[in-house]
């Protein structure tokens, strides 16, 4: 069964492009959520979540990422044009990639998230800034 990926992004063209890339990777894009309500509706199905910070309902991405990771066990990577909003990171999440994200970089971060889920040794992609926090699964590079 392919890995289930949730896309939390309110710009439909960006979200559709991410969805297409995820599908081409042989994964299961379970849906696109443009706000917290939509994301939480799909949360229990997500294994990996790609989360923007500023959504249709405001800057709810950080809270969404925290809930997806800590309550639902999803591997969360933030995709945002504003990585400074994350500070040192969000406990339970993997890291952040600055937008715009090239297709190759997106594929690399999704593959990294899958490897981390499988507890495999994996080298973090060059564009991924890992979060460093006590008890976290990632260390800053």
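The values are calculated or read from the model by the stated rules, or taken from the named source; none is laboratory data. Small disclaimer: the values here were computed from a predicted structure and weren't measured. Cβ coordinates were reconstructed from backbone atoms using ideal geometry, including for glycine residues, and neighbour counts include every protein chain displayed.
Within 17 Å of residue 112 (Cα to Cα), buried (at least 16 other Cβ atoms within 10 Å of the Cβ) and modelled with pLDDT of 95 or more: does that describe residue 7?
Yes; evaluated as a whole, the condition is true for this residue.
Residue by residue, here is whether (1) buried (at least 21 other Cβ atoms within 10 Å of the Cβ); (2) in contact with a helix residue (DSSP H, G or I) (Cβ under 9 Å, 6 or more places away or on another chain) holds:
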site: 19; (1), (2): no, no
site: 50; (1), (2): yes, yes
site: 55; (1), (2): yes, yes
site: 64; (1), (2): yes, yes
site: 71; (1), (2): no, yes
site: 77; (1), (2): yes, yes
site: 84; (1), (2): no, no
site: 89; (1), (2): yes, no
site: 92; (1), (2): yes, yes
Residues of region 62-88 being outside any helix (DSSP H, G or I) and farther than 21 Å from residue 124 by Cβ, in sequence order, are 71, 72
Residues of region 22-33 being under 20 Å from residue 80 (Cα atoms) and either assigned to a strand (DSSP E or B) or over 14 Å from the mean Cα position of the chain (by Cα) (or both), in sequence order, are 29, 31, 32, 33
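Against the definition (surrounded by 16 or more Cβ atoms within 10 Å (Cβ to Cβ), touching a helix residue (DSSP H, G or I) at 6+ places or on another chain (Cβ under 6 Å) and at pLDDT 95 or above), how does residue 109 come out, yes or no?
Numbers: surrounded by 16 or more Cβ atoms within 10 Å (Cβ to Cβ): yes; touching a helix residue (DSSP H, G or I) at 6+ places or on another chain (Cβ under 6 Å): no; at pLDDT 95 or above: yes.
When the stated conditions are applied, residue 109 does not pass them.
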